[in-house]
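All remarks here apply to the structure that follows.
The values are calculated or read from the model by the stated rules, or taken from the named source; none is laboratory data. None of the values given here were measured: they were computed from a predicted structure. Cβ: placed from backbone, ideal geometry, glycine included. Neighbour counts: every protein chain shown.
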Amino acid sequence: MNVLLLGSGGREHALAWKLAQSPSLTKLYAAPGNPGIAQSAELVALDITDHAAVLAFCKDKRIGLVVIGPEAPLVAGLGNSLRAAGIPAFGPDKDAAQLEGSKGFTKDLCARENIPTAGYKRFTDKQAALSGLKAFGLPVVIKADGLAAGKGVIIAETSADADAAIEDMFDGSFGDAGAEIVIEEFLTGEEASFFALTDGEAVIPFGSAQDHKRVGDGDTGPNTGGMGAYSPAAILTPELEAQAMAEIVIPTVRAMKAAGMPYSGVLYAGLMLTAQGPKLIEYNARFGDPECQVLMMRFDGDLLALLLAVAEGRLAELGAVTLADRAALTVVMAAKGYPGTPEKGGAIAGIDAAEAAGARVFHAGTRLDGDMLVANGGRVLNVTGSGADVAEAQAIAYRGVDAIEFPTGFCRRDIGWQELRRRRND
Ligand code: AMP
Ligand code: GLY
């Protein structure tokens with residue numbers, strides 16, 4: 001079967017690498033892709049916002065499955081366009097992608113279904129929000145309703161900061177995403193990412209991971225898209241995972257179906273493990289980046305068969321899907337300046353040396369300048385290790401990092417610290 005993979009980051013490189021190992025794959029195409037993805041796929045210059053062009057390409061190349069990596073095309077309804085043309089797509093329809101695209105939509109669904117989450121209120125008016133704020137304690141969480149590339153969340157420690165965040169959002173600092181906001185109760189606990197695959201009916205767990213959102217060691221500095229991740233997140237014990245499935249994920253999938261917008265794809269639940277049990281922080285309608293990279297390192301099965309079963313509503317036939325017992329850990333090498341304005345064009349060398357040292361290097365923001373690989377984005381490389389446990393995976397990943405020459409780049413040196421500290425204390 002021919003497959004088209006959409007996206008250009010480290011998540012998509014990991015998906016391309018795994019799809020390329022599927023026995024049923026004939027040819028993999030990727031748009032727009034990156035130089036790492038090009039090792040496993042033929043890159044095509046398709047504008048993925050032009051649905052008619054994507055459909056025409058799929059017909060021409062007899063594409064049997066389109067795998068949609070990032071959230072923007074999902075929220076824009078590319079899944080609907082593909083399915084309407086009879087082309088199986090991995091990723092939810094536009095209505096169902098509201099689980100990521102509108103924080104207020106998800107909070108209302110949680111409230112209706114009694115799904116554990118932070119207390120909240122939605123606002124479309126600045127003055128109402130400023131006075132509504134008074135009902136919340138401190139710290140308080142202010143969120144732009146729509147997609148804001150992971151940046152639309154402000155945790156305010158003081159009411160002055162909260163006021164300023166509300167003013168900012170209504171004044172357009174996140175564009176249309178901030179035309180509506182959600183004010184939320186602040187939850188305390190440790191965070192874990194939990195993934196489930198669903199075709200709208202069957203729901204199966206697909207592993208856990210822990211991301212590192214802050215830019216600096218020791219979880220300091222501004223939020224990013226994620227500076228590294230490991231899997232499994234042992235803090236999400238089998239009991240807590242079962243609780244998250246029963247109280248959060250399954251009721252969501254059932255409610256979406258009942259509302260006439262069945263959710264098909266991967267449902268990524270950002271969880272806060274509170275003293276009262278797991279609570280939903282947010283949903284994403286796609287794999288996490290860089291969490292996908294560590295999940296793929298632990299998946300030994302046929303990814304194409306799995307994603308196609310989801311897309312065709314045949315997930316129940318597959319039964320449980322297991323990830324290997326081993327651990328995986330990925331370190332994001334970013335360009336200096338990230339998450340502000342990253343330095344573009346910095347030379348990168350040593351990927352072969354990193355791989356010879358046992359790491360696997362996924363490309364995120366890279367591009368070829370002639371023969372030279374250069375940085376082309378904030379997050380540039382995902383240097384990944386796998387091993388018997390997180391400590392071994394971490395050692396391999398950092399061996400890889402140390403083999404890479406990327407003078408205009410940087411990374412955190414402590415990815416996996418929470419897990420390693422827990423082990424020491426055991
Ligand atoms: P989100 O984009 O919704 O995942 O939020 C980004 C980050 O903000 C999360 O990973 C949490 O670290 C933090 N966060 C979001 N909502 C809350 C909340 N209600 N309580 C505490 N932290 C939160
Ligand atoms: N790593 C966080 C995300 O993909 O949203």
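Observations on the model:
- Count of the stretch 127-166 residues which are away from ligand 2 (no atom under 16 Å from the Cβ), charged (D, E, K, R) and in contact (Cβ under 8 Å) with a residue 40 or more places away in the chain: 1
- Of all residues in the stretch 149-166, those being of a type in the set (Ser, Thr, Tyr) and in a helix (DSSP H, G or I) number 1.
- Among the residues of the stretch 218-250, just one is out of contact with any Ser or Thr (no Cβ under 9 Å at 6 or more places or on another chain), within 14 Å of ligand 1 (Cβ to nearest atom) and of a type in the set (A, V, I, L, M, F, W, C), namely Met227.
- Scanning the stretch 89-126 for residues that are within 16 Å of ligand 2 (Cβ to nearest atom), within 11 Å of Val182 (Cβ to Cβ) and crowded, with 21+ Cβ neighbours inside 10 Å yields Lys103, Thr106.
- Among the residues examined, Ala244 does not qualify as of a type in the set (Gly, Ala, Ser) and surrounded by fewer than 24 Cβ atoms within 10 Å (Cβ to Cβ).
- The listed residues are Val203, Val253, Val266, and the only one of them that is more than 15 Å from ligand 1 (Cβ to nearest atom), in contact with a Leu (Cβ under 6 Å, 6 or more places away or on another chain) and farther than 18 Å from Val141 by Cα turns out to be Val266.
- Considering each residue of the stretch 257-279 in turn, at least one proves to be within 16 Å of ligand 2 (Cβ to nearest atom), of a type outside the set (Ser, Thr, Tyr) and surrounded by fewer than 19 Cβ atoms within 10 Å (Cβ to Cβ).
- The set of residues in the stretch 28-41 that are surrounded by 14 or more Cβ atoms within 10 Å (Cβ to Cβ) and farther than 20 Å from Glu71 by Cα comprises Leu28, Pro35, Gly36, Ala38, Ser40, Ala41.
- Criterion violated by Glu180 - all others in (1) buried (at least 16 other Cβ atoms within 10 Å of the Cβ); (2) more than 16 Å from ligand 2 (Cβ to nearest atom); (3) modelled with pLDDT of 90 or more satisfied: (3)
- Qualifying residue in the stretch 134-146 (condition: out of contact with any Asp or Glu (no Cβ under 7 Å at 6 or more places or on another chain), farther than 24 Å from Leu99 by Cα and part of a loop (DSSP other than H, G, I, E, B)): yes
- Subset of the stretch 178-200 [within 11 Å of ligand 1 (Cβ to nearest atom) and touching a Lys or Arg at 6+ places or on another chain (Cβ under 9 Å)]: Val182, Ile183, Glu184, Leu187, Gly189, Glu191
- Pairs meeting the criteria (first residue in the stretch 200-221 and basic (Lys, Arg), second residue modelled with pLDDT under 95 and assigned to a strand (DSSP E or B), beta carbons under 8 Å, at least 6 apart or on different chains) are Lys213/Asn223; Arg214/Gly221; Arg214/Pro222; Arg214/Asn223.
- Any hit, the stretch 294-314, residues being modelled with pLDDT of 95 or more, touching a Lys or Arg at 6+ places or on another chain (Cβ under 8 Å) and in a loop (DSSP other than H, G, I, E, B): yes
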